[in-house]
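Asker: I'd like to ask you about the structure that follows.
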């Protein structure tokens, strides 16, 4: 599908049956010229019907590529998204593109405003690590036919065939951790997760439960603790609450931010890791490998995800098609277990 032409002042003027100058006066809210209420409303209605958005770029660039991308990330402080951004930037720079990095703070309203700004800047494409409502916020992008690639977070509601996606295999991430624990003889397991309507987060738990289900009773010997708040403090609280009620031999933290607080809780309780309790973390952070003992983690291929997503978007933009040849792309990159010193082998003699 070819990229849709942005509506211009001339288009609005034609629909409103008035002059371009009048449209400019109305839409720019210029003072000093009398315009009837009826004509003003006619112009506003025409602009709304055409989805007119004021361009912030010079008219001399009209119809030309600006070599400009926008990247939306939900948590720029999250090392996963930081490394994804670095991978994207590396490929974008090599290909002559400039990239705007925007932090949505997982706020759908902020995400919508950033997308509207990207449209007004006439970006060539977007890379979106979306919020819960990204599928809805991206509607104007699809209306204009602006190419985009969803990164790491799939878009809920939309069918996979409707958009391009590059991310880590989160089902695999949860499964790798679960299998490692049962292979080491653990049968009373806990999972502490960030609970949001984000498919990749949900997939980690699904992968974990599926992997352990043939070895233990998931309903009886697997303890799940969830939180919509993502913070180290909440990880501390959930770990404390878990251990007051249950006695797992191992904990899998589905997010490294929760793990940061959870590990601090375990140490405040004077529990030896892994002597008293084993720990695995999904996510690779500096602190997890610098502590004593260093933590067993599941690595998500962040920089590789960013590089692959950038290459895909550039291919789409430069081919002037909404999708690459053969239809939309859904690419999952493998996660890997980094085995260190925080999982005790309960079957060892």
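Asker: Can residue 121 be described as in contact (Cβ under 8 Å) with a residue 60 or more places away in the chain and either within 21 Å of residue 316 (Cβ to Cβ) or in contact with a strand residue (DSSP E or B) (Cβ under 8 Å, 6 or more places away or on another chain) (or both)?
Answerer: In short, yes.
Asker: Given (1) more than 15 Å from residue 170 (Cβ to Cβ); (2) modelled with pLDDT under 95; (3) in contact with a strand residue (DSSP E or B) (Cβ under 9 Å, 6 or more places away or on another chain); (4) outside any loop (DSSP other than H, G, I, E, B), identify the lone condition not met by residue 202.
Answerer: (1)
Asker: In addition: Only one residue in 196, 267, 234 is more than 25 Å from residue 155 (Cα to Cα), touching a residue at least 24 places away in the same chain (Cβ under 8 Å) and either touching a helix residue (DSSP H, G or I) at 6+ places or on another chain (Cβ under 7 Å) or not assigned by TED's automatic domain parsing to the domain that holds residue 129 (or both). Which one? Can you show your working first?
Answerer: Values: 196 fails: more than 25 Å from residue 155 (Cα to Cα); 267 fails: touching a residue at least 24 places away in the same chain (Cβ under 8 Å).
Checking each option against the conditions leaves just 234.
Asker: Follow-up question, since we're still on this one. Filter the stretch 270-304 down to residues that are more than 22 Å from the chain's Cα centre (by Cα) and in contact (Cβ under 8 Å) with a residue 60 or more places away in the chain, then give me how many there are.
Answerer: Start the filter on the stretch 270-304 by keeping residues that are more than 22 Å from the chain's Cα centre (by Cα), which leaves 270-280, 287-296.
Narrowing further to those that are in contact (Cβ under 8 Å) with a residue 60 or more places away in the chain: 273-275, 278-280, 296.
Going through the stretch 270-304 one residue at a time, the tally reaches 7.
Asker: Step by step: first the residues of the stretch 208-225, then only those that are surrounded by 14 or more Cβ atoms within 10 Å (Cβ to Cβ) and either assigned to a helix (DSSP H, G or I) or outside the structural domain of residue 242 (by TED's automatic domain parsing) (or both), then the one that is farthest from the chain's Cα centre (by Cα). Which residue is that?
Answerer: 221
Asker: Kindly state which strands (runs of 3 or more DSSP E) lie completely within the stretch 91-193 and contain at least 1 residues that are buried (at least 24 other Cβ atoms within 10 Å of the Cβ) and at pLDDT 95 or above. Reasoning before the result, please.
Answerer: Numbers: elements: 98-103, 125-128, 148-151, 164-168.
Hits in the stretch 91-193: 125-128, 148-151, 164-168.
Asker: Report the residue count in the stretch 261-293 for those that are at negative phi and either modelled with pLDDT of 95 or more or surrounded by 22 or more Cβ atoms within 10 Å (Cβ to Cβ) (or both).
Answerer: Taking the stretch 261-293 and keeping what is at negative phi, we get 261-269, 271-282, 284-293.
Add one more test, that the residue is either modelled with pLDDT of 95 or more or surrounded by 22 or more Cβ atoms within 10 Å (Cβ to Cβ) (or both), and what stays is 261-269, 271-282, 288.
Total satisfying the criteria: 22.
Asker: Looking at (1) farther than 20 Å from residue 75 by Cα; (2) under 23 Å from the mean Cα position of the chain (by Cα), which one does residue 170 not meet, given that it meets all the others?
Answerer: Residue 170 satisfies all of (1) farther than 20 Å from residue 75 by Cα; (2) under 23 Å from the mean Cα position of the chain (by Cα) except (1).
Asker: Continuing with this model, one more query. State all residues of the stretch 31-53 that are surrounded by 12 or more Cβ atoms within 10 Å (Cβ to Cβ) and without any contact (Cβ under 8 Å) to a residue 24 or more places away in the chain; if no residue qualifies, say none. Steps first, answer last, please.
Answerer: Restricting attention to the stretch 31-53, the residues satisfying the condition of being surrounded by 12 or more Cβ atoms within 10 Å (Cβ to Cβ) are 35, 39-47, 49-53.
Matches in the stretch 31-53: 35, 39, 40, 41, 44.
The values are calculated or read from the model by the stated rules, or taken from the named source; none is laboratory data. Note that this is a predicted model, so its numbers are computed, not measured. So basically every Cβ, Gly included, is an ideal-geometry build from the backbone, and we count neighbours across all protein chains shown.
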